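One structure is given here, and the rest of the page talks about it.
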Amino acid sequence: MTPDHHTQLVEAARNGNADDVRRFIPLCDPKYNHSEALCAAAENGNAECVALLIPLSDPKAQGYHPLRLACMNNHIECVRLFLHSTPNDDKSLALHECVRHQHFECLELLIPLCALHAHNGLPLRTAAHEGYT
């Protein structure tokens with residue numbers, strides 16, 4: 001793996017270029033740098049790239065950061081892709097981001113799967129603070 005290949009994978013994922021993602025996957029480790037390519041794809045709502053990278057990356061990277069990025073930016077298709085790769089009790093930080101950013105469609109996907117008491121009830125406390133109770 002060369003740093004150039006990793007950089008090119010991240011840029012392809014960020015820009016939603018699935019063909020380039022496919023091309024660079026064999027040349028580098030998608031888990032490199034806390035699954036940076038998966039985070040870039042999730043943050044920018046590039047669902048096809050997320051789908052390619054999930055099985056090869058670590059969706060648990062940085063405390064499930066890729067899922068949280070998808071939730072923060074209301075990328076519902078990306079959130080759907082992460083639902084089966086993230087343990088239910090660890091989805092609560094993503095739920096917190098949905099509440100915080102008022103992304104209710106993502107919120108509806110996550111509520112049935114979350115441990116609402118996790119992280120000292122952070123999602124529920126945020127909802128109460130924001131007046132969503």
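Inclusion of Asp20 among residues that are outside any helix (DSSP H, G or I), at pLDDT 90 or above and over 20 Å from His103 (Cβ atoms) is not warranted.
Residues in segment 11-35 that are charged (D, E, K, R) and open to solvent by less than 60 Å² (accessible area, probe 1.4 Å): Asp20 alone. Filtering segment 51-66 to residues that are open to solvent by less than 30 Å² (accessible area, probe 1.4 Å) and either more than 17 Å from His101 (Cβ to Cβ) or at pLDDT below 90 (or both) leaves Leu53, Ile54, Ser57, Pro59, Ala61, Tyr64.
The values are calculated or read from the model by the stated rules, or taken from the named source; none is laboratory data. Bear in mind that the values here come from a model prediction, so they are computed numbers and not experimental data. Neighbour counts run over all protein chains shown; Cβ positions are idealised from the backbone, glycine included. The area values use the complete protein model at the heavy-atom level, side chains included, leaving out ligands, DNA and RNA. Shrake-Rupley method; radii C 1.70, N 1.55, O 1.52, S 1.80 Å.
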